């Protein structure tokens with residue numbers, strides 16, 4: 001999962017790109033990059049957080065009123081600075097790109113580009129493949145100059161060849177900026193317009209909060225299978241290029257997106273409140289005697305407050321979060337995640353002493369975080385510890401850009417709620433069911449018939465996820481773990 005930002009302005013854009021990436025830091029903490037254009041491309045990217053990569057020295061050279069920004073975390077491996085985005089190529093015209101999602105047939109396309117076009121894809125970042133495929137198609141269709149139709153034709157070619165989920169923003173030097181979203185709309189992408197200036201400014205971003213905070217007052221979603229092209233004269237061209245069942249990722253609302261964002265006309269905060277309402281019914285039917293409801297900060301707070309309100313239970317902030325520790329879900333490797341949990345959360349013992357405690361979290365993935373939290377709460381003197389997830393059991397790999405790629409990683413893959421309770425040390429584990437989870441999120445936008453919920457159901461909306469592909473990515477992940485163990489033994 002990544003965060004992307006593209007801005008087409010009349011003023012220097014580096015300040016907005018930097019501040020915009022700060023609002024997208026939660027979507028990736030492995031690396032970040034900014035590219036600007038003033039007749040030449042200027043690029044700075046590196047590993048780490050936005051605030052650590054960019055300083056006065058390197059931002060001073062990022063000149064121009066057009067730019068792209070990106071925050072990244074890798075779905076496989078640690079990632080390297082070579083894989084950080086944005087990417088750019090010098091032919092034709094000069095084209096740069098950023099992307100959020102996952103190209104499932106990346107290796108096949110990488111091989112095909114080399115064998116048929118003699119192009120070397122020098123990184124393990126799938127946006128480099130998208131960029132080269134788009135550039136090849138644009139060169140063939142824009143014989144004299146770039147027109148909206150030639151851009152749309154190039155995007156159609158990307159849709160034809162690239163499998164998976166992807167939201168992309170591409171800049172074409174002195175020709176314009178185009179953004180497009182895969183036909184299923186799995187990954188989010190929003191478009192903003194700033195009309196406060198004489199000449200309007202435009203931007204694309206992964207979440208609405210970024211555009212809102214940067215002053216883009218007109219904000220809407222880029223439609224799935226559609227492209228929006230801003231030409232060199234700042235005219236907007238938009239076209240639906242391919243139709244498929246709309247399947248936005250439900251995990252964006254459960255965990256990944258900021259609560260103050262709107263994705264697909266759904267406010268993330270309200271979605272989590274509604275998830276709490278549904279889960280409250282499950283808890284009520286359980287007959288558990290609960291003294292206090294405590295959220296795992298921050299994503300589960302809206303649901304936990306609603307559960308406590310509806311069930312007339314005491315709500316307490318019993319777990320204090322260190323704001324300077326990154327999101328453990330997106331940290332590479334179980335050992336690093338486990339080491340970070342205790343540094344990230346600390347209990348207030350008086351809130352747990354002698355009480356029957358209900359801990360509410362957004363999900364249970366590997367179980368490491370849940371186990372550590374329950375142990376902390378028990379050490380604080382809790383009488384009984386119950387653990388509730390406002391999402392359904394996670395049981396299947398995500399192939400669309402979230403770091404959940406092997407079935408073996410999920411604690412719920414071959415275990416009941418009772419067995420999971422034993423594994424994580426809880427007295428009881430309660431889950432939301434898939435139907436209620438989906439109904440809660442879609443309540444604000446009934447036009448969405450269904451979400452991508454493959455990580456819960458095992459049903460992949462793109463229809464091209466084979467058993468052999470899942471086995472392949474599982475083998476790659478296992479090999480990576482073995483390589484890491486060998487490196488650990490050497491050092």
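Values quoted throughout were computed directly from the atomic coordinates according to the rules given, and no laboratory measurement underlies them. In this text, all values refer to a predicted model and were calculated from it rather than measured experimentally. Please note: Cβ atoms are built from the backbone with ideal geometry, for glycine as well, and neighbour counts cover all protein chains shown.
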Taking region 267-486 and dividing mean pair separation by its residue count, relative contact order in percent (alpha carbons under 8 Å, at least six apart): 19 percent
Relative packing of peptides 91-103, 467-479 - highest average C-beta neighbours within 10 Å first: 91-103, 467-479
Semi-axis lengths, Å, the chain, gyration tensor of Cα atoms, sqrt of 5 times eigenvalues: 40, 24, 22
Nearest-0.05 FRET efficiency for residue 417 and residue 314, computed from C-beta distance (R0 25 Å): 0.55
Region 162-241 - Rg over Rh from alpha carbon coordinates, Kirkwood radius: 0.97
Normalised contact order of the chain, rounded percent, pairs of Cα under 8 Å and 6 or more residues apart: 12 percent
Rule-of-thumb Rg ratio for region 129-206 [Cα; 2.2 N^0.38 Å; N residues]: 1.18
Mean-position separation - Cα centroids, region 410-485 and region 338-388, in angstrom: 22 Å
Label-point gap, in nm, between residue 82 and residue 160 - each point 7 angstrom along Cα→Cβ: 3.1 nm
Inter-part distance where region 269-326 and region 1-75 are each reduced to a Cα centre, Å: 36 Å
Average Cα contact separation per residue, region 401-459, under 8 Å, 6 or more apart, as relative contact order %: 18 percent
Packing-based ranking, highest mean first, of 390-398, 365-373, 278-286 given that Cβ atoms within 10 Å are counted: 390-398, 365-373, 278-286
log₁₀ of I(q)/I(0) at q = 0.18 Å⁻¹ - region 267-486, Debye sum with one point per alpha carbon: -1.40
FRET efficiency, residue 144 to residue 234 (Cβ-Cβ, R0 30 Å, nearest 0.05): 0.90
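If R0 is 45 Å, what FRET efficiency do you get for residue 433 and residue 116 from their C-beta distance, rounded to 0.05? Provide the component values of the computation, followed by the final result.
On the way: r = 48 Å, r/R0 = 1.06.
After rounding, the FRET efficiency stands at 0.40.
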The chain: angle of helix 467-490 to the longest principal axis, Cα-based, in degrees nearest 10: 80 degrees
Rough spin-label spacing in nm, given labels placed 7 Å along Cα→Cβ, for residue 472 and residue 124: 1.6 nm
Estimated inter-spin distance, residue 288 and residue 241, nm [label 7 Å along Cα→Cβ]: 4.8 nm
Range of Cα positions in region 2-246 per principal axis (Å), largest first: 43, 40, 36
Which of 70, 42, 57, 343 has the fewest Cβ neighbours within 10 Å, and the rest in rising order: 57, 343, 42, 70
Region 1-135 - Debye-derived log10 I(q)/I(0), Cα point model, q = 0.11, 0.14, 0.17 Å⁻¹: -0.37, -0.60, -0.87
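Using the per-residue mean of other Cβ atoms lying within 10 Å as a proxy for protection, in what order, highest first, do the peptides 438-451, 121-134 fall?
Ranking, from highest mean packing down: 121-134, 438-451.
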Region 402-469 - Rg over Rh from alpha carbon coordinates, Kirkwood radius: 1.03
